[in-house]
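The values are calculated or read from the model by the stated rules, or taken from the named source; none is laboratory data. Computed from a predicted structure; not experimentally measured. Glycine gets a Cβ as well: all are built from the backbone with ideal geometry, and neighbour counts include every protein chain shown. Heavy atoms of the whole protein, side chains included, go into the accessibility calculation; ligands, DNA and RNA do not. Shrake-Rupley method; radii C 1.70, N 1.55, O 1.52, S 1.80 Å.
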Amino acid sequence: MWSSISSNDQLIMNMFNIALQLEDPWKLTHIEFDDYAQAWHLHIDFERGTTFACPLCGNASKAYDTEKKQWRHLDFWNWKTYMHARLPRVKCQSCTK
C-alpha cells in the first residue's frame, strides 16, 4: 500500500531536505512510503522556466524537454530509497550557432 506523507509532517520533509542537500533549482516536492516494499520514494523537481548550464560550454539555457528518471539512492534507516525526477534537456544558443 502506498501512502503519501502528510503535509503536516514537516519533520520528515525537513530531515530529507537536510540529508539530500539539494541545491537550486532542485526541490524535494513530495515523499511517499511504500508499506509493502518498505521503501521511500523521494520526488524531486524544478520550476518551469528554470535555466541549466549547457553540458558543453556552461552557458545558461532553458530546458526544452524533460525525461522522467528513477534511480536507487543509498538506503535511509534500512529502507530502500528511490529518487524520481524530471531531468532537463537543454538547447544552448551559443553551441548551436
- Candidates H84, H73, H43 - the one that is under 19 Å from Q10 (Cα atoms) and not in a loop (DSSP other than H, G, I, E, B): H43
- Message: Looking at segment 38-57 only, could you name the residues that are open to solvent by 40 Å² or more (accessible area, probe 1.4 Å) and in contact (Cβ under 8 Å) with a residue 40 or more places away in the chain?
- Response: Q38, D45
- Note on the structure: (1) more than 24 Å from Q10 (Cβ to Cβ); (2) open to solvent by 70 Å² or more (accessible area, probe 1.4 Å); (3) at pLDDT 90 or above all hold for T66 apart from (2)
- Check segment 25-36 and report whether any residue there is open to solvent by 70 Å² or more (accessible area, probe 1.4 Å), modelled with pLDDT of 90 or more, farther than 30 Å from S94 by Cα and assigned to a loop (DSSP other than H, G, I, E, B). yes
